Amino acid sequence: MDDVKKALNGLTSAEVKKQRELFGTNELQAEKSETFLTKTLEVLREPMFLLLIAASVIYFLLGEARDGAIMLIFVVGIISIDIIQEWKTDKTLRALKNLSAPLITVIREGVESEIDSKELVPGDLMIVHEGVKLPADGVIVRQSDLRTDESTLTGEPEGVWKTVSTGQDVSDDYWRLDTCYAGTLVTQGTAVVRVTKTGTATEYGKIGAAVATVIEEKTPLQKQTAGIVKASAAIAVVLFLLVGIVTFFNIPDHSLGGRLIESVLAGITLSMAMIPEEFPVILTVFLSMGAWRLAKKDALVKRLPSVETLGAVTVLCVDKTGTITQNKMTVSETWAPDGDEPTLCEAMGLACETKPYDPMEKAMLTYCRELGITEEHLFGEDLITEYAFTDELKMMGHVWHHENEIILAAKGSPEHLLDLCALTDEERRAAEDKAASLSKTGLRVIAVGMMKPDSPAQIPEKLTDARLHFRGLVGLLDPPRDGVRDDIDVCSRAGIRVVMITGDSGETAASIARQVGIPDDAGVVTGDRLEDMSDEELREKVKTVRIFSRVIPAHKMRIVKALKANGEVVAMTGDGVNDAPALKSADIGIAMGKRGSEVSREAADLILMDDRFKTIVETVRDGRRIYDNIRKAVGYVFTIHIPIAFSALLAPMLGIGPASLFLLPLHVVLLELVIDPTCSVVLERLPAETAIMQRPPRKPDARLLTRKTLGMSVVQGLAILAASFGAYYITFMSQPSNAPLARSMGLGVILLANLFLVFTGSSDTESLFVSIGRLKREKTVWISSFGIILMLTLILYTPLSGFLKLAAPSGLQLLTILCLAAVSVLWYELVKAVRRRRRRSEMSAPNA
């Protein structure tokens, strides 16, 4: 748009600053940020922290001011950890929101640049094109074939053709034809629009702030974890009463008030151990940090729940152009039946847009320049009219005053454009045979036609009314991306079926499919064939067919629905305005970040910033890793809470007095200082298992906490309970007067068992040594491990032990603690070894 840039320079930096001071940012609703105090109060409302504070108060009532003070210090420590996690999560989500903020091209000081749409101010010049969702109201100062969808404002589904503003209202309606409105979509053409209103001053903003408010429902995963927490809390209440009653009758030598307080304290200890308050943290942190890591790999997640859905994808529907291929087109071959190649190329150029953004048209004009046919020669005279490309016609054309003639030049798919050409049956067969031979080599084939009306009156009203002279065919090469064959092979091994959906011909699609390893043994289904199929027939077809050609966006919706009806979890790519419904219908909608429209990006769950197929594969891998880690973290929380909870339950039941209990509230809090970071930081960072992309996708309805996972967690937890409580009880029975030493033995086993759990629990199949090798670069894991060892050293062998009612074990006792902790966890390595042997036997059985 060089002419626009010469005539209109846009605002200067000083003018932008002044306008922003007057009108503010272009937002419907300002984002409200929570204060530090608000976040702190939200954390304090959690049941765990209410119990902690209650325990601290009881210590003070018992006259144990030191214990109460230590409890409060620990409470502040845990609250700080949670607030820091919340802050990091909020910061991550804000960063993701900023990355996904809609951009708009503007002209400022004569230079085109992309800015965040909320930075728009009245007076700005916006450059809009097909696929853009308008971010502000404005008058049209330049336009070419501009049509918008204003149904969000008017309720009318028909597209509105726009005109350049003359300062006069050209419409009797409230909605002007020379004005573009915020919230509407550009469905065709291009324009330069001068912004007149922003934010709540726009017509869209006047409708009400409710349009910017979205009520988010809880995801199935969130509902599952909430159910687990509620069930655990209910059990904790029952056990609270049980332990309180048992403790009350086990200490007859205390006063009634003292017995009551000690009973409540014992019940609180058990309740703290029973409530898995880490679950909500796990979900929030894992999904947000997972989304952030995906963003660093050029995959921008717009909806956090879709992060874990990625791991369940069974079918990946992809466009050929730009996803499987490079989207770097070059004219590879031309064919003119009469041998007049220059005329063919000139007609091809005249049929292109003057400022193309389509890679195909860019390649055509580059080819023209190489032949000496410049844009000045092609577009130097007047454009009389144009016929827009539509998905139904698959053709387009322009009518020019060119070298003292009126020339209609058209191009499109051979099967459609040839119908408009005056050809004999023999000429038609020759053209079709040539088109087929070019397509079979993987070229995208475009037919070109021309006519020369004698006067403006003879210009056809519609392109389909034209009678063209067939000029020839153009074959464009768009080679597959490097490495895409390997990526498709990875998908195949991972149980993910790749389906190619393209607007290109069946021969071209099949050729590219063979080059990249997509099977075409089930044949190719064209859009025309798809139109004739019933929904039931299509459901059967999509079970085997991997290639759909000559499809329009409406067909994509039917394909997605058919796949989903078969129980598949569908991820689908799209970039156009009309792809939005299909992207919404898919389980995971994937929009192209480079060439995709704003509408498709808004409808999608995931935006590929680099448009690469490899990035899709990496997001699936990461989706599986994130879900695996959530499952491992949930299993870990159950495992580590079992010895804590049952220890708090067993001691009172065995008649052990409150002063000699294995775990006091103080120690439960101490353990939470280890458990919280382990499940929300360490386990979140676990890398993907080696064979994560060599197993089938998980079932979409699979529960996070299955019977198998729960059963294994219970067994592991009971093993740690036996080791830790056993160490405590045996020591206590042998030295009843030295409860601090007995407590140190049991607590040491739990802390070191926690360390072993991270390494052996990082994989359900890999051996400990393989897991350690996989984790050797994860600094967080090793820092956490060192931190646990350092904590154990400090609480046992420094003056802290007295404050914490612990005692330093001897060297032999410390070795015993280490051995018991290792045995209580590492037995699981034998189970994994049996699984690996069984799996190898199953894999070798068919070959036997």
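The values are calculated or read from the model by the stated rules, or taken from the named source; none is laboratory data. Everything numeric here is computed off the predicted structure, so don't read it as measured data. Cβ coordinates were reconstructed from backbone atoms using ideal geometry, including for glycine residues, and neighbour counts include every protein chain displayed. The area values use the complete protein model at the heavy-atom level, side chains included, leaving out ligands, DNA and RNA. Shrake-Rupley method; radii C 1.70, N 1.55, O 1.52, S 1.80 Å.
Just a few scattered comments:
- Which listed residue, of VAL499, VAL542, VAL474, is surrounded by 19 or more Cβ atoms within 10 Å (Cβ to Cβ) and either on the phi > 0 side of the Ramachandran plot or over 30 Å from the mean Cα position of the chain (by Cα) (or both): VAL474
- Only one entry of LEU671, LEU606, LEU663 meets the criterion of being in contact with a strand residue (DSSP E or B) (Cβ under 8 Å, 6 or more places away or on another chain) and open to solvent by less than 10 Å² (accessible area, probe 1.4 Å), and that entry is LEU606.
- The test for being charged (D, E, K, R) and within 30 Å of SER680 (Cβ to Cβ) does not hold for ARG601.
- Among helices (runs of 4 or more DSSP H) entirely within the range 749-848, having at least 2 residues that are closer than 22 Å to VAL669 by Cα and at pLDDT below 90 singles out 779-797, 800-803.
- Which listed residue, of PRO677, PRO696, PRO700, is out of contact with any Lys or Arg (no Cβ under 7 Å at 6 or more places or on another chain), in a helix (DSSP H, G or I) and not β-branched (Val, Ile, Thr): PRO677
- The set of residues from the range 733-742 being surrounded by fewer than 24 Cβ atoms within 10 Å (Cβ to Cβ) and either assigned to a helix (DSSP H, G or I) or in contact (Cβ under 8 Å) with a residue 24 or more places away in the chain (or both) comprises MET733, SER734, PRO736, ASN738, ALA739, PRO740, LEU741.
- Residue, modelled with the highest pLDDT, within the range 384-405, restricted to residues that are among the charged types (D, E, K, R) and open to solvent by 30 Å² or more (accessible area, probe 1.4 Å): GLU405
- Criterion (β-branched (Val, Ile, Thr), in contact with a Phe, Trp or Tyr (Cβ under 8 Å, 6 or more places away or on another chain) and in contact (Cβ under 8 Å) with a residue 40 or more places away in the chain) met by exactly one of VAL301, VAL318: VAL318
- Scan of the range 142-168 for residues that are modelled with pLDDT under 80, open to solvent by 70 Å² or more (accessible area, probe 1.4 Å) and farther than 27 Å from ASN9 by Cβ, ordered by number: THR152, GLU156, PRO157, GLU158
- Filtering the range 526-539 to residues that are under 21 Å from SER505 (Cα atoms) and open to solvent by 100 Å² or more (accessible area, probe 1.4 Å) leaves ASP528, ARG529, GLU531, ASP532.
- Across the range 188-221, the qualifying residues are those that are within 23 Å of ILE107 (Cβ to Cβ) and β-branched (Val, Ile, Thr), and the one among them that is modelled with the lowest pLDDT is THR190.
- Unique match (being surrounded by fewer than 23 Cβ atoms within 10 Å (Cβ to Cβ), closer than 30 Å to LYS320 by Cβ and of a type in the set (S, T, N, Q)) among SER455, SER437: SER437
- Test: residue in the range 545-562 that is open to solvent by 50 Å² or more (accessible area, probe 1.4 Å), without any contact (Cβ under 8 Å) to a residue 60 or more places away in the chain, more than 24 Å from the chain's Cα centre (by Cα) and under 30 Å from ARG698 (Cβ atoms): yes
- Candidates are the residues of the range 621-647 that are open to solvent by less than 10 Å² (accessible area, probe 1.4 Å) and among the hydrophobic types (A, V, I, L, M, F, W, C); the one that is nearest to TRP292 (Cα to Cα) is ILE626.
- Restricting the range 345-383 to residues that are crowded, with 18+ Cβ neighbours inside 10 Å and among the small types (Gly, Ala, Ser), the residue that is nearest to LYS328 (Cα to Cα): ALA363
- Odd one out for VAL525 among (1) part of a helix (DSSP H, G or I); (2) modelled with pLDDT of 90 or more: (1)
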